[in-house]
Ligand code: MG
């Protein structure tokens, strides 16, 4: 197997009233939250898919079906930890993650450092290995209309030394 492998993840969730907005495991004050079977943390879902993708291990839906009762309202950090365990079991460790959240509201910049720290803590890696960025959709399309948000993420993994 190669020394380095890269994975890509993408996720979309719809905004809904009466739901908490949780991104990167951090609760963010918002009028609306994201709809989903789990805690709907689109950021952690995209990163989980990027890690699984790096080793061609399928996607989050394959490992955690949304038809399964045990995944209902489940914390997405469980999915992320599981994906990284698989990466490590396959002899790889994280190089770095870079993710972009696309949303009109709320402004995420004030929470970015907290999100980075939280994700680094879940994976037990350095904060410098986790990059989180935020942008808007310039009021265009479903993100621009505030219907939902989307996240893109890439993860680089490196073959471990042992
Ligand atoms: Mg999702």
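When 30, 38 are checked against the criterion of being buried (at least 16 other Cβ atoms within 10 Å of the Cβ), part of a loop (DSSP other than H, G, I, E, B) and either on the phi > 0 side of the Ramachandran plot or more than 16 Å from the ligand (Cβ to nearest atom) (or both), 30 stands alone in meeting it. Which residues, taken from the stretch 54-69, are within 16 Å of the ligand (Cβ to nearest atom) and either closer than 24 Å to residue 160 by Cβ or over 15 Å from the mean Cα position of the chain (by Cα) (or both)? Within the stretch 54-69, 58, 59, 60, 62, 63, 65, 66, 67, 68 qualify.
For the condition within 16 Å of residue 9 (Cα to Cα) and touching a helix residue (DSSP H, G or I) at 6+ places or on another chain (Cβ under 8 Å), residue 155 qualifies. For the criterion of being buried (at least 21 other Cβ atoms within 10 Å of the Cβ), within 14 Å of the ligand (Cβ to nearest atom) and under 14 Å from residue 155 (Cβ atoms), residue 43 passes.
Scanning the stretch 64-78 for residues that are out of contact with any strand residue (DSSP E or B) (no Cβ under 9 Å at 6 or more places or on another chain) and at pLDDT 90 or above, which turns out surrounded by the most Cβ atoms within 10 Å (Cβ to Cβ)?
77
Could you please let me know if residue 43 is modelled with pLDDT of 95 or more and within 9 Å of the chain's Cα centre (by Cα)? Criteria met by residue 43. Identify all residues within the stretch 8-27 that are within 16 Å of the ligand (Cβ to nearest atom) and more than 16 Å from residue 101 (Cα to Cα); write none if there are none. 16, 19, 20 - these are the residues of the stretch 8-27 that are within 16 Å of the ligand (Cβ to nearest atom) and more than 16 Å from residue 101 (Cα to Cα). Restricting 133, 81, 126 to residues that are closer than 16 Å to residue 8 by Cα and either under 14 Å from the mean Cα position of the chain (by Cα) or surrounded by fewer than 22 Cβ atoms within 10 Å (Cβ to Cβ) (or both) narrows the list to 133.
The values are calculated or read from the model by the stated rules, or taken from the named source; none is laboratory data. These numbers were taken from a predicted model, which means no experiment stands behind them. Every residue, glycine as well, gets a Cβ built from its backbone with ideal geometry; the counts of neighbours run over all protein chains shown.
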